[in-house]
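The values are calculated or read from the model by the stated rules, or taken from the named source; none is laboratory data. Computed from a prediction, not measured in an experiment: that's the story for all the values here. Here the Cβ is made from the backbone with ideal geometry for all residues, glycine too, and neighbour counts use every protein chain on show.
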Amino acid sequence: MTLQVIGAGLGRTGTLTLKTALEQLGFGPCHHMVEVFANPEQVPFWNRAALGEAVEWGELYGTYRATVDWPGCHFYAELAERYPEAKVILSLRDPERWYVSMSETILKSMGMMGFGEPGKIPEDHPMRFGGIIIPQKTFNYDFSKDNVIAAFERHLANVRSTIAPERLLEFEASQGWEPLCQFLGVPVPEEPFPRTNSREEFWEHVTKRREETGI
């Protein structure tokens, strides 16, 4: 099995909805942060990748057909090079609405895990990679609205300049099945397009993770 779809969009851009949709279309299993929570044996791999160590992507993605969300989206360029036949989807969202969603979910969760300030990531922390990739490398520990939105827009620009246009789909969940299916060359399902991972669902995942890991 090899990756056929690489999600380059940051978290809270409808990535769990996209995961669900891709799996319905036959591009499953699809990796997402919830896969790390469900498979903690993946954590050492992501820690190595986050620290910039050499990794073999097939070691982790050998059983996946697609990937979306963090941590994979941070490495979209490396994955696009490693899997040259894979198509890339850049999930989008209005920047203002995305910032509000990030502030009330992922950034708040990062703070709860002690990842809000430089030098506060213990080497033995079970989610160390998350503290490196998101607060440090994406936002440089500046969680002001202006900086967070600027980082979001910078990421979009980087994806657009890195991935060839014919290989890239810019996609919003509100567009439904048609552009996604056309891009992937598959029929449009009869089922409604999925909608998932509301803020309530996000905190359900966080609560479950904390109960299982203590973090």
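Do we find that residue 134 is surrounded by 12 or more Cβ atoms within 10 Å (Cβ to Cβ), touching an Asp or Glu at 6+ places or on another chain (Cβ under 8 Å) and of a type in the set (A, V, I, L, M, F, W, C) in this structure?
For residue 134, the condition - surrounded by 12 or more Cβ atoms within 10 Å (Cβ to Cβ), touching an Asp or Glu at 6+ places or on another chain (Cβ under 8 Å) and of a type in the set (A, V, I, L, M, F, W, C) - is not met.
Out of everything in the stretch 106-138 that is touching a residue at least 24 places away in the same chain (Cβ under 8 Å), in a loop (DSSP other than H, G, I, E, B) and out of contact with any Phe, Trp or Tyr (no Cβ under 9 Å at 6 or more places or on another chain), what residue ends up being farthest from residue 40 (Cα to Cα)?
113
Any residue at all in the stretch 99-111 that is modelled with pLDDT of 95 or more, in contact with a strand residue (DSSP E or B) (Cβ under 9 Å, 6 or more places away or on another chain) and under 23 Å from residue 14 (Cα atoms)?
No: the stretch 99-111 contains no residue that is modelled with pLDDT of 95 or more, in contact with a strand residue (DSSP E or B) (Cβ under 9 Å, 6 or more places away or on another chain) and under 23 Å from residue 14 (Cα atoms).
Check whether at least one residue in the stretch 39-61 is modelled with pLDDT under 95, among the aromatic types (Phe, Trp, Tyr) and on the phi < 0 side of the Ramachandran plot, and report yes or no.
no
Please specify each residue of the stretch 1-31 satisfying the condition of being part of a helix (DSSP H, G or I) and crowded, with 24+ Cβ neighbours inside 10 Å.
Passing the criteria: 15, 16, 18, 19, 21, 22.
Mind checking whether some residue in the stretch 54-77 is without any contact (Cβ under 8 Å) to a residue 60 or more places away in the chain, of a type in the set (Ser, Thr, Tyr) and farther than 13 Å from residue 11 by Cβ? Step through it out loud before you land on a result.
Here is the first cut: in the stretch 54-77, the residues without any contact (Cβ under 8 Å) to a residue 60 or more places away in the chain are 54-61, 75.
Okay, now just the ones that are also of a type in the set (Ser, Thr, Tyr), so 61.
Still in the list and also farther than 13 Å from residue 11 by Cβ: 61.
Yes, the stretch 54-77 contains at least one residue that is without any contact (Cβ under 8 Å) to a residue 60 or more places away in the chain, of a type in the set (Ser, Thr, Tyr) and farther than 13 Å from residue 11 by Cβ.
In the list 128, 160, 167, which residue meets the criterion of being modelled with pLDDT of 85 or more, in contact with a Lys or Arg (Cβ under 7 Å, 6 or more places away or on another chain) and surrounded by 11 or more Cβ atoms within 10 Å (Cβ to Cβ)? Let's see the steps before the verdict.
Details: 128 fails: in contact with a Lys or Arg (Cβ under 7 Å, 6 or more places away or on another chain); 160 fails: in contact with a Lys or Arg (Cβ under 7 Å, 6 or more places away or on another chain).
One residue alone meets the criteria, 167.
Identify, from the list 99, 64, the residue that is surrounded by fewer than 23 Cβ atoms within 10 Å (Cβ to Cβ), in a loop (DSSP other than H, G, I, E, B) and over 14 Å from the mean Cα position of the chain (by Cα).
64
Among 55, 34, 43, which is of a type in the set (Val, Ile, Thr) and either in a strand (DSSP E or B) or under 25 Å from residue 169 (Cβ atoms) (or both)? So that I can check it myself, show each step before the final result.
Details: 55 fails: either in a strand (DSSP E or B) or under 25 Å from residue 169 (Cβ atoms) (or both); 43 fails: either in a strand (DSSP E or B) or under 25 Å from residue 169 (Cβ atoms) (or both).
Of 55, 34, 43, the one residue that is of a type in the set (Val, Ile, Thr) and either in a strand (DSSP E or B) or under 25 Å from residue 169 (Cβ atoms) (or both) is 34.
State whether the residues of the stretch 76-87 include one that is at pLDDT 95 or above, part of a loop (DSSP other than H, G, I, E, B) and loosely packed, with under 13 Cβ neighbours inside 10 Å.
yes
Across the stretch 170-193, which residue is surrounded by the most Cβ atoms within 10 Å (Cβ to Cβ) among those that are under 15 Å from residue 88 (Cβ atoms) and of a type in the set (Phe, Trp, Tyr)?
171
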